[in-house]
Amino acid sequence: MKTALITGITGQDGAYLSQFLLRKGYKVFGVTRRSSSSEIHDTRLRFLGIADRVKLLDGNLVDVSSLVRCLREAEPDEVYNLAAQSFVMASWQQPLLTGQVTGLGAANVLEAIRLEAPKVRFYQASSSEMFGLAEELVQTEKTPFHPRSPYGVSKLFAHWITVNYRESFGLHASNGILFNHESPLRGIEFVTRKVTDGVARIKLGLANELRLGNIDAKRDWGHARDYVRAMWLMLQQDEPDDYVVATGRTTSIRDMCRTAFEYAGLAMDKHLVIDPALFRPAEVDGLLGNAAKARARLGWAPEVGLEEMIREMVDADIKRLSLSNNRA
Ligand code: NDP
Ligand code: GDP
């Protein structure tokens, strides 16, 4: 039986990855930071019905000693570093925290592994946001990086420190450059989930409008359940490497939003309000990934399309909001 340690286990990907690894027979440990409201900590794990099957350890990405203790306790074969301040918009409000957690935090995990468990296989959650003002229409592992936010800059540091520890110390450390991926467990502040939650509220008569920022931006959206499979595949390879994980299809926020409204039988133009306050100081106008390397070497391909995913998310939000205590 293999053992995995996941930072960010309470997030979207941490929950789906835990479910995936448990199905493969792994023992799963997760690092969680202390919060005053511990009862909401494992909402996503409970949603998937696996909260009592993972072991949660106290730790924080900014405290390397806590990470060393987590490694000692879990004795993992594989470590997945998914923890981050992951919301781009918030990274302009909290650029230093984002740098400390999303950037230096990865170095803390690598340093703990180097000192405590150098044989561990390590996965770093890199991001398509590193391409930012993309220099190529279709992005691959070879496309130059030009991050556009403190989040993207921090992810770039984490990406390169992972490459550096691989080259300097021979760690089995891989970067998954994942394009946007969503699900009913996506944080409500991200645009797909904000849209499906908003559409569900309008459908149920709880709201009348949905306010968005730049709806001309385009993203390459996949489903988180497909993307965590790619993470695992990377760590099963003899050699560590970096891989783009994407669907190869890009869609505007406007068209994604229309899909959600139409599925709910609502007219988007009646409810959508463009709010200039939601525009970003610097925008990533378009992302489109080419996952040919992951397809060829890992045998990975996405299974869920955008429309199917949006329908799943709208249904889940309608169901959640229909329970009266979830309407706040
Ligand atoms: P989430 O925002 O859902 O989860 C982030 C996780 O990090 C949460 O478990 C959070 O814990 C934890 N965390 C935050 N700060 C700390 C800290 N200081 N110490 C320990 N844990 C901390 O992200 P996703 O699941 O969507 O994404 C997973 C990773 O993949 C992230 O690194 C993200 O940046 C990256 N990524 C995501 C993409 C996407 O489209 N989803 C695309 C590309 C990369 P808590 O519950 O306490 O807040
Ligand atoms: P990101 O790609 O990691 O920044 O994921 P988001 O889901 O947060 O944003 C995707 C795109 O949607 C960006 O280009 C945003 O500018 C755009 N967008 C437009 N309106 C909104 C909004 O109200 N909230 C969010 N989060 N993004 C929005």
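A few remarks follow.
- Residue match in the range 242-252 (condition: open to solvent by 30 Å² or more (accessible area, probe 1.4 Å), part of a helix (DSSP H, G or I) and either within 14 Å of ligand 1 (Cβ to nearest atom) or outside the structural domain of Asp317 (by TED's automatic domain parsing) (or both)): no
- Test: residue in the range 132-141 that is within 16 Å of ligand 2 (Cβ to nearest atom), open to solvent by less than 20 Å² (accessible area, probe 1.4 Å) and closer than 18 Å to Asp285 by Cβ: yes
- Single residue of Phe190, Phe157, Phe131 found to be under 30 Å from Asp315 (Cα atoms), modelled with pLDDT of 95 or more and aromatic (Phe, Trp, Tyr): Phe190
- Residue list for the range 12-42, restricted to those being over 20 Å from Val109 (Cα atoms) and modelled with pLDDT under 95: Ser35, Ser36, Ser37, Ser38, Glu39, Ile40, His41, Asp42
- Residues located in the range 71-90, provided they are of a type outside the set (A, V, I, L, M) and more than 10 Å from ligand 1 (Cβ to nearest atom): Arg72, Glu73, Glu75, Pro76, Asp77, Glu78
- Residue list for the range 179-238, filter: without any contact (Cβ under 8 Å) to a residue 40 or more places away in the chain and within 16 Å of ligand 1 (Cβ to nearest atom): Ile188, Lys194
- Selection from the range 23-64 of residues that are open to solvent by 70 Å² or more (accessible area, probe 1.4 Å), within 13 Å of ligand 1 (Cβ to nearest atom) and either outside the structural domain of Gln12 (by TED's automatic domain parsing) or part of a loop (DSSP other than H, G, I, E, B) (or both): Arg33, Arg34, Ser36, Val62
- Positions within the range 264-287 being in a loop (DSSP other than H, G, I, E, B) and touching a Gly at 6+ places or on another chain (Cβ under 6 Å), in sequence order: Phe279, Val284
The values are calculated or read from the model by the stated rules, or taken from the named source; none is laboratory data. Quick caveat: nothing in here was measured; it's all calculated off a predicted structure. Methodologically, a virtual Cβ is constructed for each residue, glycine included, from the backbone with ideal geometry; neighbour enumeration extends over all protein chains shown. Accessible surface is based on the protein model in full, side chains and every heavy atom, while ligands, DNA and RNA are left aside. Shrake-Rupley method; radii C 1.70, N 1.55, O 1.52, S 1.80 Å.
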